[in-house]
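Readers should treat all values here as calculations from the given coordinates under stated rules, not as data from a laboratory. Every value quoted in this text rests on a predicted model; they were computed, and no experiment measured them. Please note: Cβ atoms are built from the backbone with ideal geometry, for glycine as well, and neighbour counts cover all protein chains shown.
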Amino acid sequence: MHLQNRTFIISGGSSGLALATARLLHSHGAYISLLDMNAEAGDAIISELGSVRARFHEVDVTDTDSIAAAVQGTVEWVQTTGAALGGVVAGAGVGNPGLIIDKNNEPLPLAAFDFVINVNLRGTIDLIRQTLPYLTQNEPLGADGERGVLLMFASSAAFDGQMGQVAYAASKGGLASLTLPLARDLSRFGIRAVTIAPSLFESGMTAMMGAKVRQSLERVMEWPKRAGKPDEFARVARECIENPMLNGTVIRLDGAMRMPSKL
Ligand SMILES: NC(=O)c1ccc[n+]([C@@H]2O[C@H](COP(=O)([O-])OP(=O)(O)OC[C@H]3O[C@@H](n4cnc5c(N)ncnc54)[C@H](O)[C@@H]3O)[C@@H](O)[C@H]2O)c1
């Protein structure tokens with residue numbers, strides 16, 4: 001899928017990896033529709049980029065109506081710009097660690113498990129689900145007849161989740177597992193699905209980690225021994241959008257890091 005004059009719906013676009021991706025797509029001529037809970041940051045980004053090719057919608061991806069309103073708003077915007085929908089970049093996510101049973105013999109509250117699953121897994125699929133009826137209506141492009149691309153954000157935790165990551169690993173493992181059947185469901189429309197599974201990257205999420213946790217994580221990186229930079233993620237995201245042979249797969253972006261049980 002080309003970037004120029006195409007519109008991408010980007011959840012989690014107020015911060016971190018999704019924002020870096022949004023900036024890169026925008027710098028290559030894409031229209032970006034940012035969806036996030038953080039309206040203050042979202043509005044600041046639109047002020048910076050200008051509203052010609054960038055819009056913000058306040059969305060909680062656990063609230064299906066707020067997704068519906070943002071998708072509708074984006075589709076109406078597309079009708080005025082003529083820049084057809086190119087796809088979805090589903091970056092909204094939360095970490096929220098918690099042991100399955102804690103030192104007081106208390107099991108993980110179901111609400112804590114549900115919260116992470118609802119944002120990371122259900123929220124991603126709901127956004128994709130609600131955008132698809134519009135993507136399938138796109139004019140097929142080029143000899144391959146491409147109509148769109150869906151990019152999801154998993155994590156190293158999908159494969160080697162650490163202590164305290166039962167919920168997070170389940171949510172990201174779910175995204176990794178559904179990538180292939182999603183691609184298979186959508187191949188007849190010329191819509192691709194790709195997932196990136198990053199290890200430690202600099203972002204709003206990882207800025208909240210204590211220095212000790214962060215240094216321990218960096219110690220177990222293989223090479224390079226540092227957190228990835230948002231731009232390094234965004235460059236892979238761009239390739240996923242542009243390269244038609246990337247489909248139904250999960251790309252580990254981790255500098256060969258395999259996370260240990262605990263730090
Ligand atoms: N940074 C990393 O090291 C890393 C590693 C593996 C996976 N990831 C994944 O990458 C994605 C982006 O994370 P990041 O590191 O850039 O974090 P971040 O905190 O910088 O950005 C996440 C964004 O998602 C938004 N968000 C959270 N809950 C939301 C909700 N319910 N509705 C709408 N928006 C919501 C936040 O407001 C924020 O702007 C996440 O899915 C995360 O799990 C990040």
Next item on the list: Can you tell me which residue among 227, 207 is hydrophobic (A, V, I, L, M, F, W, C), within 16 Å of the ligand (Cβ to nearest atom), more than 16 Å from residue 151 (Cα to Cα) and surrounded by 13 or more Cβ atoms within 10 Å (Cβ to Cβ)?
Entry: 227
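Conditions (1) within 15 Å of the ligand (Cβ to nearest atom); (2) aromatic (Phe, Trp, Tyr); (3) more than 19 Å from residue 1 (Cα to Cα), marked per residue:
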| site | (1), (2), (3) |
| --- | --- |
| 52 | no, no, yes |
| 61 | yes, no, yes |
| 68 | yes, no, yes |
| 92 | yes, no, yes |
| 115 | yes, yes, yes |
Check: Within region 210-224, how many residues are touching a Leu at 6+ places or on another chain (Cβ under 8 Å), surrounded by fewer than 17 Cβ atoms within 10 Å (Cβ to Cβ) and of a type in the set (A, V, I, L, M)?
Finding: 2
Checklist line | Whichever residue in region 2-16 is on the phi < 0 side of the Ramachandran plot and touching an Asp or Glu at 6+ places or on another chain (Cβ under 9 Å) and, among such residues, is surrounded by the fewest Cβ atoms within 10 Å (Cβ to Cβ) | finding: 2
Check: Restricting the search to region 151-172, which residues are free of Cβ contacts under 8 Å to residues at least 24 places away in the same chain and surrounded by fewer than 19 Cβ atoms within 10 Å (Cβ to Cβ)?
Finding: none
Notebook entry, point to check: Taking residue 90, is it surrounded by 19 or more Cβ atoms within 10 Å (Cβ to Cβ), touching a helix residue (DSSP H, G or I) at 6+ places or on another chain (Cβ under 9 Å) and either within 25 Å of residue 168 (Cα to Cα) or of a type in the set (D, E, K, R) (or both)?
Noted result: yes
Next item on the list: Would you be able to tell me the number of residues in region 230-263 that are free of Cβ contacts under 8 Å to residues at least 40 places away in the same chain and in a loop (DSSP other than H, G, I, E, B)?
Entry: 3
Item checked: Test: residue 261 is out of contact with any strand residue (DSSP E or B) (no Cβ under 7 Å at 6 or more places or on another chain), closer than 22 Å to residue 100 by Cα and either surrounded by 13 or more Cβ atoms within 10 Å (Cβ to Cβ) or not acidic (Asp, Glu) (or both) -> yes
Next item on the list: Would you check if there is a residue in region 70-84 being touching a Gly at 6+ places or on another chain (Cβ under 7 Å) and within 18 Å of residue 13 (Cα to Cα)?
Entry: no
Item checked: Search result, residues across region 140-166 that are under 17 Å from residue 197 (Cβ atoms), out of contact with any helix residue (DSSP H, G or I) (no Cβ under 6 Å at 6 or more places or on another chain) and in a helix (DSSP H, G or I) -> 159, 160
Next item on the list: Could you grab me the full set of residues in region 39-68 that are among the small types (Gly, Ala, Ser), surrounded by fewer than 16 Cβ atoms within 10 Å (Cβ to Cβ), under 30 Å from residue 115 (Cα atoms) and out of contact with any helix residue (DSSP H, G or I) (no Cβ under 9 Å at 6 or more places or on another chain)?
Entry: 39, 44
Check: Inside region 1-41, can you point out the residues that are part of a strand (DSSP E or B), within 12 Å of the ligand (Cβ to nearest atom) and in contact with a Phe, Trp or Tyr (Cβ under 7 Å, 6 or more places away or on another chain)?
Finding: 34
Item checked: Residues of region 75-114 that turn out to be aromatic (Phe, Trp, Tyr) and touching a Ser or Thr at 6+ places or on another chain (Cβ under 8 Å), as a count -> 1
Margin query: Between a residue in region 89-103 that is on the phi > 0 side of the Ramachandran plot and free of Cβ contacts under 8 Å to residues at least 40 places away in the same chain and any residue that is within 8 Å of the ligand (Cβ to nearest atom) and in a loop (DSSP other than H, G, I, E, B), which pairs come within a Cβ distance under 7 Å, given they are 6 or more apart or on different chains?
Written below: none
Next item on the list: Answer with yes or no whether residue 83 is buried (at least 23 other Cβ atoms within 10 Å of the Cβ) and in a loop (DSSP other than H, G, I, E, B).
Entry: no
